[in-house]
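Undergrad: Shown below is the structure under consideration.
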Amino acid sequence: VQLVESGGGLVQAGGSLRLSCAASGITFSIYAMAWYRQAPGKQRELVAGITSDGGSTNYADSVKGRFTISRDNGKNTMYLQMNSLKPEDTAVYYCGATSWSSHYWGQGTQVTVSS
């Protein structure tokens with residue numbers, strides 16, 4: 001099983017990034033997916049989640065209205081569109097895949113927002 005995040009980088013405050021999470025080795029369409037982040041010295045937190053069919057999403061209050069989670073089951077890929085980025089969004093962003101019996105993590109991608 002592999003979850004590979006990409007799209008992180010350095011961006012100025014107010015800018016945008018689009019993260020991708022490409023999955024292999026799992027039946028992607030049966031997994032609920034989510035983005036998490038962990039800033040230095042802080043616990044990992046849920047940023048956004050999406051159901052297996054993409055029909056329902058949820059967001060942390062801190063990112064509502066700025067971030068959009070989506071998935072393409074035909075491409076086994078999940079996305080996170082991040083707009084109006086703030087310095088407090090700086091963190092390592094991880095994707096997670098969850099089914100009734102298992103959970104997998106990606107290796108993470110660094111997002112740094114400069115003020």
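The values are calculated or read from the model by the stated rules, or taken from the named source; none is laboratory data. Everything quoted here is computed from the prediction, not taken from an experiment. Reconstructed Cβ throughout: ideal geometry from the backbone, glycine too, with neighbour counts over all protein chains shown. Surface areas here come from the heavy atoms of the whole protein model, side chains and all, with no ligands, DNA or RNA. Shrake-Rupley method; radii C 1.70, N 1.55, O 1.52, S 1.80 Å.
Undergrad: Restricting to the stretch 56-115, name every residue that is of a type in the set (A, V, I, L, M) and closer than 11 Å to Trp35 by Cα.
TA: Within the stretch 56-115, Ala60, Ile69, Met78, Leu80, Val92, Ala97 qualify.
Undergrad: Does the stretch 45-54 contain at least one residue that is farther than 21 Å from Thr112 by Cα, within 14 Å of the chain's Cα centre (by Cα) and hydrophobic (A, V, I, L, M, F, W, C)?
TA: Scanning the stretch 45-54, I find at least one residue that is farther than 21 Å from Thr112 by Cα, within 14 Å of the chain's Cα centre (by Cα) and hydrophobic (A, V, I, L, M, F, W, C), so the answer is yes.
Undergrad: Filtering the stretch 56-105 down to residues that are under 27 Å from Gly41 (Cβ atoms) and aromatic (Phe, Trp, Tyr), which residue is most open to solvent (accessible area, probe 1.4 Å)?
TA: Applying the filter and picking the extreme gives Trp105.
Undergrad: While we're looking at this one, here's another question. Within the stretch 33-55, work out how many residues are within 14 Å of Thr98 (Cα to Cα) and either touching a Gly at 6+ places or on another chain (Cβ under 7 Å) or open to solvent by less than 60 Å² (accessible area, probe 1.4 Å) (or both).
TA: If we filter the stretch 33-55 for residues that are within 14 Å of Thr98 (Cα to Cα), which is where we start, we get 33-36, 46, 48-54.
Going one step further and asking which of them are either touching a Gly at 6+ places or on another chain (Cβ under 7 Å) or open to solvent by less than 60 Å² (accessible area, probe 1.4 Å) (or both), we end up with 33-36, 48-52, 54.
Counting residues in the stretch 33-55 that are within 14 Å of Thr98 (Cα to Cα) and either touching a Gly at 6+ places or on another chain (Cβ under 7 Å) or open to solvent by less than 60 Å² (accessible area, probe 1.4 Å) (or both) gives 10.
Undergrad: Is one or more of the residues making up the stretch 11-32 open to solvent by 80 Å² or more (accessible area, probe 1.4 Å), within 30 Å of Ser115 (Cα to Cα) and in a strand (DSSP E or B)?
TA: Checked the stretch 11-32: at least one residue is open to solvent by 80 Å² or more (accessible area, probe 1.4 Å), within 30 Å of Ser115 (Cα to Cα) and in a strand (DSSP E or B).
Undergrad: Determine if the stretch 40-58 includes at least one residue that is in a strand (DSSP E or B), over 20 Å from Leu10 (Cβ atoms) and hydroxyl-bearing (Ser, Thr, Tyr).
TA: As a first pass, look at the stretch 40-58 and keep what is in a strand (DSSP E or B): 45-50, 57-58.
Within this subset, residues satisfying the condition of being over 20 Å from Leu10 (Cβ atoms) are 45-46, 48-50, 57-58.
The next check asks that each one be hydroxyl-bearing (Ser, Thr, Tyr); those that pass are 57.
There is at least one residue in the stretch 40-58 that is in a strand (DSSP E or B), over 20 Å from Leu10 (Cβ atoms) and hydroxyl-bearing (Ser, Thr, Tyr).
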